[in-house]
1. Give me the strands (runs of 3 or more DSSP E) completely within the stretch 250-310, filtered to those with at least 1 residues that are surrounded by 15 or more Cβ atoms within 10 Å (Cβ to Cβ), more than 15 Å from the ligand (Cβ to nearest atom) and modelled with pLDDT of 95 or more, ordered by residue number.
2. What pairs come out if I take residues in the stretch 275-296 that are more than 22 Å from MET265 (Cβ to Cβ) and pair them with residues that are within 12 Å of the ligand (Cβ to nearest atom) and open to solvent by 90 Å² or more (accessible area, probe 1.4 Å) whose C-beta lies under 7 Å away, six or more apart or interchain?
3. Could you check the stretch 68-117 and list, in sequence order, the residues that are open to solvent by 60 Å² or more (accessible area, probe 1.4 Å), among the polar types (S, T, N, Q) and in a loop (DSSP other than H, G, I, E, B)?
4. Is it true that some residue in the stretch 212-220 is open to solvent by 10 Å² or more (accessible area, probe 1.4 Å), near the ligand (Cβ under 9 Å from one of its atoms) and touching a residue at least 12 places away in the same chain (Cβ under 8 Å)?
5. In the stretch 137-159, what residues are surrounded by fewer than 17 Cβ atoms within 10 Å (Cβ to Cβ) and in contact with a helix residue (DSSP H, G or I) (Cβ under 9 Å, 6 or more places away or on another chain)?
6. Can you tell me which residue in the stretch 156-179 is farthest from ALA207 (Cα to Cα), limited to those that are away from the ligand (no atom under 15 Å from the Cβ) and β-branched (Val, Ile, Thr)?
7. Quick one: ALA322 ticks every box in (1) farther than 13 Å from SER21 by Cβ; (2) more than 16 Å from the ligand (Cβ to nearest atom); (3) assigned to a loop (DSSP other than H, G, I, E, B); (4) hydrophobic (A, V, I, L, M, F, W, C) bar one, so which box is it?
8. From the set of residues in the stretch 160-171 that are in a helix (DSSP H, G or I) and open to solvent by less than 10 Å² (accessible area, probe 1.4 Å), which is nearest to ILE103 (Cα to Cα)?
Amino acid sequence: MRIETEIKLDFKDVLIRPKRSTLNTRSDVDISREFSFRHNKQPYQGIPVIAANMDTVGTFEMAKALASQRMSTALHKHYEVSQYVEFFRALPPRDVVFYSLGISEQDEDKLHQVMQQLGASSAIRHMCIDVANGYTENFVSFVKKIRNAYQDIVLMAGNVVTGEMTEELILAGADIVKVGIGPGSVCTTRKMTGVGYPQLSAIIECADSAHGLGGRICADGGCTTVGDIAKAFGGGADFVMMGGMFAGHDECGGEITVRGDEKYMQFYGMSSKAAMDKYAGGVAAYRAAEGKEVLIPYRGPVENTAQEILGGVRSACTYVGARQLRELSKRTTFIRVTQQLNEVFGKN
Ligand code: 5GP
């Protein structure tokens, strides 16, 4: 047994220190980014915020709504082959939408079917291989296999939280490594297993490793406010993925429940009992659920939330004098704090 005594940080432990700048207004700030990737040379252009591949959030409707704001969506993996084919055939070339899959044989078969039906000029340009634990050999081999089979795609893979595994995945063929174990709003991994890593430190450390190899990272999970998104970018994230912040909207999957005068929507983790009942016929005997199910207030169209995100990140850039989102991490100094918010009038 070993103990690492260096303190690791979460979003709640820091604030971003404001800096003198020549920027007068947030409208001077450009929060889109242009990237190239290590394996796939097609350029990325857009606002690097991604709705998570959870079946309540990563829907076709979400993908269309967020694309109109130049943001992205990782689709969930539970649509039918024909539905993906129809969706991707109609996808405008500039929209960035990730096709997601796990590493099961079924997921792989489904991917090949979709790709075959879409044909040589496939409109799938972005893919996300997603597992709860990105530390297994099987996972690394799968990433290599998919990279070899589909050279023309931008490949995101995860999740991991440490530099050495980030490097291994990039060398195996990932363009973007997805970072986060346990920070999610409906995740119970830390509670059920004791495993995890404070998300901001994971982002800082993995970004450093990835960037050294010409790779990118996507900070996945744990953003509860727009300020957290700014901190993730400030810490070096190239993309930020969110589930909970995009949940509860018209574009989401899930029923609306009315209680008294209030409307609510169901939201659950993809390893929750609710998800396993729906897709796997229940929780298998050898495993425990590592996600939970919640009812959250219904929030109308996602456009308003998207605008809030854009406005908040733009404002964060203005406070530190970053004219472009690309400059935010260079201009970020985190200060450790013991308090974030004044909640005397409630938590909102
Ligand atoms: P959020 O933005 O809601 O804090 O986090 C979203 C992320 O939580 C997802 O992108 C995914 O990585 C993770 N996640 C989703 N469902 C589950 C689950 O059931 N268990 C765990 N451990 N993580 C989950």
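The values are calculated or read from the model by the stated rules, or taken from the named source; none is laboratory data. Here the structure is a predicted model, which is why all the values come from computation and not from measurement. For neighbour counting, all protein chains shown are included, and Cβ atoms are generated from backbone atoms with ideal geometry for every residue, glycine included. All accessible areas refer to the heavy atoms of the entire protein, side chains included, with ligands and DNA or RNA removed. Shrake-Rupley method; radii C 1.70, N 1.55, O 1.52, S 1.80 Å.
1. The qualifying strands (runs of 3 or more DSSP E) are 262-268.
2. VAL283/LYS273; ALA288/MET192
3. SER68
4. Yes, there is a match, as at least one residue in the stretch 212-220 is open to solvent by 10 Å² or more (accessible area, probe 1.4 Å), near the ligand (Cβ under 9 Å from one of its atoms) and touching a residue at least 12 places away in the same chain (Cβ under 8 Å).
5. If the condition is that a residue be surrounded by fewer than 17 Cβ atoms within 10 Å (Cβ to Cβ) and in contact with a helix residue (DSSP H, G or I) (Cβ under 9 Å, 6 or more places away or on another chain), then SER141, LYS144, LYS145, ALA149 are the ones that fit.
6. Out of the qualifying residues, it is ILE170.
7. (1)
8. By that ranking, first place goes to LEU169.
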